Amino acid sequence: MKFFVDTADVDAIRELHDLGMVDGVTTNPSLIMKSGRDIKEVTKEICEMIPGPVSAETVALDAEGMIAEGRELAKIADNIAIKVPLTWAGLQACKVLTGEGRMVNVTLCFSANQALLAAKAGATFISPFVGRLDDINIDGMDLIAEIRQIYDNYDFSTEILTASIRSANHMKEAALIGADVATAPPNVIKSMASHVLTDKGLDAFMADWAKTGQSIV
Ligand code: E4P
């Protein structure tokens, strides 16, 4: 499973990238707002650091506007994936932009039928939001499993990009189901390294080591 980082925080992306943990990046209008940076400037900086797909989201609500914004965002770098919402207009924009050879990430997906339409429209990535479904007491991971089955039934090449990930457990479940990609905030990716028994074991080893009076270097 590929790891994308869901942030526009350049320092946080770099820290994970230095460890080889970043296959791509996703941003959205809220994350750009949080960064306090200009969208084109910060996206260019991210694209220069990360060779994989970097999603930049359009904000128009009509297809023509999304297409114009998508073409503008695509000028930033070759690895831009244009993000459009899963609306009828977004699907129209997806069809046109992928027809021009650009990567398109169709976002704000909350149902298997929406994902089916995105695949038919040629989406490069579909972004089902698991955390926001969990928030309304619908199991987000059930949706990932449904989309996996549908895409496999018909050999769709659209990649399932599990989004709105809130926990390390979401990462594990996405991987078990066979999602192609998971995008998560940096702190969630880092939290995957934590285990209470690792901490406990390390404490015990350190205590015993101190009793030996030895040093390695
Ligand atoms: C995906 O591309 C979105 O940017 C993101 O995963 C949304 O996550 P949230 O529901 O935590 O805002």
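The values are calculated or read from the model by the stated rules, or taken from the named source; none is laboratory data. Please read these numbers as outputs of a predicted model, since none were measured by experiment. No Cβ is skipped: glycine too gets one built from the backbone with ideal geometry, and neighbour counts run over all protein chains shown. Note: accessible area is taken over every heavy atom of the protein model, side chains too, but ligands, DNA and RNA are not part of it. Shrake-Rupley method; radii C 1.70, N 1.55, O 1.52, S 1.80 Å.
The figures follow:
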item: The stretch 29-44, subset closer than 17 Å to E72 by Cβ and exposed (fewer than 15 other Cβ atoms within 10 Å of the Cβ), residue nearest to the ligand (Cβ to nearest atom); result: P29
item: Sole exception among (1) touching a residue at least 24 places away in the same chain (Cβ under 8 Å); (2) open to solvent by 20 Å² or more (accessible area, probe 1.4 Å); (3) under 24 Å from Q92 (Cα atoms) for D155, by number; result: (1)
item: Candidates G131, G122 - the one that is surrounded by 13 or more Cβ atoms within 10 Å (Cβ to Cβ), under 19 Å from V5 (Cβ atoms) and not hydrophobic (A, V, I, L, M, F, W, C); result: G131
item: Of all residues in the stretch 158-191 being among the polar types (S, T, N, Q) and within 12 Å of the ligand (Cβ to nearest atom), the one that is surrounded by the fewest Cβ atoms within 10 Å (Cβ to Cβ); result: N187
item: Selection count where residues are surrounded by 13 or more Cβ atoms within 10 Å (Cβ to Cβ) and closer than 22 Å to E159 by Cα, scope the stretch 14-28; result: 9
item: Which listed residue is within 15 Å of the ligand (Cβ to nearest atom) and part of a helix (DSSP H, G or I), from M141, M206; result: M141
item: Any hit, the stretch 88-109, residues being more than 20 Å from E69 (Cβ to Cβ) and either within 16 Å of the ligand (Cβ to nearest atom) or surrounded by fewer than 21 Cβ atoms within 10 Å (Cβ to Cβ) (or both); result: no
item: Test: A63 is surrounded by fewer than 18 Cβ atoms within 10 Å (Cβ to Cβ), farther than 26 Å from A175 by Cα and away from the ligand (no atom under 16 Å from the Cβ); result: no
item: Single condition A119 does not satisfy, out of (1) within 24 Å of V54 (Cα to Cα); (2) within 16 Å of the ligand (Cβ to nearest atom); result: (2)
item: A81 being part of a strand (DSSP E or B) and among the small types (G, A, S); result: yes
item: Filter result for K2 (modelled with pLDDT of 95 or more, within 16 Å of the ligand (Cβ to nearest atom), surrounded by fewer than 17 Cβ atoms within 10 Å (Cβ to Cβ) and closer than 22 Å to M171 by Cβ); result: yes
item: Any hit, the stretch 49-58, residues being under 18 Å from the mean Cα position of the chain (by Cα) and open to solvent by 60 Å² or more (accessible area, probe 1.4 Å); result: yes
